[in-house]
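The values are calculated or read from the model by the stated rules, or taken from the named source; none is laboratory data. Everything quoted here is computed from the prediction, not taken from an experiment. We place every Cβ from the backbone using ideal geometry, glycine too, and count neighbours over all the protein chains shown.
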Amino acid sequence: MPSNITLHRQRTLGGVIGIVVLACGLGYHFFPRLFHAEPDEVVRRNVPALPAAAPGGMATANEPAAEELNAGPPLTLAPTAVIAARLSREHAKLPKQLTPDPPKVRALLDRADKALAAGQLAGDKDSAAALYLQAAKDKPDSRRAAQGVINVRARLVAQIERDIALGNADDASDQLAALQQLPDSKDDVTRLAAALKTLTDVRPLLAQAAGLLQQGKADQPAGRSALDIYRQVQQLDPQNAVAEQGVLDVQRVVLDRALAAVAQNDFAGADKVLAEAQAIRPGSQQLHDVRQRVDDMRAANASGVLSQAHSALDAGNLAMARQLAAQAQAISPQLAGLAAFEQQLVNAQLYASHKPGQVFSDRYVDLPGQAPAMVVIPTGSFLMGAADGDSDSSAAEQPQHKVSIDQGFAMSRSAITVGQFRQFVRESGYVPDAVKLGGASVYDERSGAMHDDDNATWQDDYAGHRAADNLPVVNISWSDAKAYADWLSQHTGRKYRLPSEAEFAYALRGGTSTRYWWGDGMPTGKVENLTGSRDRSPSGRRWNHAFRGYDDGYWGPAPVMSFAPNPFGLYDMGGNVSEWTADCWHDNYIRAPVDGSAWLNPGCGVRVLRGGSWGSSPEQARSAWRQGADASVRSGRVGFRVVREL
């Protein structure tokens, strides 16, 4: 372990060394010439950068320069001190100094530094150029003098380049004469003299272009406009900042025309003018800004027109709504909400402003309660009748033909129920045929067949027993069904009727083309109330001809909507009860309507039944099956549903 004396000596020596190092550092910082070090400092002149003019006039302090989005200003528009510093570094070829500058030379250099800092570069004996050159003459190896000459040359080059860029030919010429007096300036003088000559050539053109711009001849007439002259200048001097600003000024004039067109709601004209402005200076900030303003005004104008279209649609004026929507689209094809409104127009035209698949109920206008729930059926077309290869078809289902449903309609979701028909009888006082004419055909459990029961009425079920309100009403005639539809029309103010056979067939298929709406074969789930081989009557009877392996749990009608809906959202279309349609019976489809309308003959007494029932064979549950029945028939296998016109 070292002794205390040794430690004391080491600490003393370390302190002395530290003081010496500190003194050397301070001396180098404040008195660099003591160490033969010349400060490589570039004196900077406070020359502010020239902002580009704002569109249509002078630039403001808070307004960005009107220039290309992805391009900065040319180097010649940078402050001269920045350019001079760069040029000084590029020309920094200093001599090797053998001895320090004598006092007389240092005095000259101090004066030269002050002149340089004051911007007094050349022109008289007290200028920086004259003083640095005299110092270099008195002491040829003076690095400080050589650096001063380089700095003056760099500053002169920078100022000349800037004057040329800004069109100051006279100032540039004076500075160029001073530059010629400095050593190693030949290349710069040659280059700048050529640039100055170009400036001299383009100055008259720039003046001519400015005059044309003031006369309102910015881009017209072609070949003799300010734009044409500025383009000519740019060909002679691609970096000419005045010509570049002139092109932007021309573009601003054109953009003002676009805004004026928008003010007159002439958006097509504005688009044409914007295309002209794009060709003048693609991608400029002012072009971007004006295009955004035009787009915003376009969207606002189109939105206002679309609002008027909505009002016209709400008022039921479809023609005016369509006209206004077309105007809004012409103004702004990409306007948000146009597609939705077009769909609303279609729905208004085809579905009275409802939507396909929508469920609604009309309220009675003079009674408590509301009409049955209706489903909006979409428009479309289908092949009506049985295909030629269907072995179960009959001549009555031929020929297969295309039917188009061009106008939407609504159909009750299920067959009309006992409860719904009871309200009609109670409120209207109507006497159904089962009461007036006496009886109906109902199922006899003992024989397993239908038989006439003089006491059965619409209030009874398929077997002549009192029916629950949620069962489909049966034991009614075609006239009873029509009377109910007419009563709905009277108390809702809407047009209700029995469906045409084509409407029923179209709605039954629900957009399918298979044997049944659920497919071609046996149902895999409980889709309808059908005759199934596993069904049992109260006494244990079975069906002789039924869907194999099927069991829906009912012998006789089931409560409505107990099974699956078809693709159009309708229940019990292929089973439960067969249903009356508006059509007169015809033995085949020859000359049948193809527009979905009912096929009627004056005074016809036989009407069309559609859809299978709880007691129908698999062949009678087919989508193409049809049957004729006397309009006075009342049966425990027949009910009905209604259509509401839209």
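Some observations on this one:
Conditions tested, residue by residue: (1) aliphatic (A, V, I, L, M); (2) out of contact with any Gly (no Cβ under 7 Å at 6 or more places or on another chain); (3) free of Cβ contacts under 8 Å to residues at least 60 places away in the same chain.
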position: Gly519; (1), (2), (3): no, yes, yes
position: Ser537; (1), (2), (3): no, yes, no
position: Gly549; (1), (2), (3): no, yes, yes
position: Phe568; (1), (2), (3): no, no, no
position: Asp595; (1), (2), (3): no, yes, no
position: Ala598; (1), (2), (3): yes, yes, no
position: Pro602; (1), (2), (3): no, yes, yes
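- With respect to the conditions (1) assigned by TED's automatic domain parsing to the domain that holds Tyr516; (2) more than 25 Å from Ser500 (Cα to Cα), Ser381 falls short on a single one, namely (2).
- Set Asp141, Asp124: member being touching a helix residue (DSSP H, G or I) at 6+ places or on another chain (Cβ under 8 Å) and among the charged types (D, E, K, R): Asp124
- Ala396 small (Gly, Ala, Ser), under 30 Å from Arg426 (Cβ atoms), buried (at least 18 other Cβ atoms within 10 Å of the Cβ) and modelled with pLDDT of 95 or more: no
- Of the residues in segment 291-305, not one is aliphatic (A, V, I, L, M), crowded, with 22+ Cβ neighbours inside 10 Å, outside the structural domain of Ala165 (by TED's automatic domain parsing) and in contact with a Lys or Arg (Cβ under 9 Å, 6 or more places away or on another chain).
- Picking from residues in segment 418-477 that are hydroxyl-bearing (Ser, Thr, Tyr) and in a loop (DSSP other than H, G, I, E, B), the one that is farthest from Gly575 (Cα to Cα) is Tyr430.
- Taking the listed residues Ser477, Ser489, the one that is within 27 Å of Asp366 (Cβ to Cβ), without any contact (Cβ under 8 Å) to a residue 24 or more places away in the chain, touching a Lys or Arg at 6+ places or on another chain (Cβ under 9 Å) and surrounded by 15 or more Cβ atoms within 10 Å (Cβ to Cβ) is Ser489, with no other qualifying.
- In segment 275-296, residue nearest to Leu227 (Cα to Cα) [restricted to those that are in a helix (DSSP H, G or I) and among the charged types (D, E, K, R)]: Glu276
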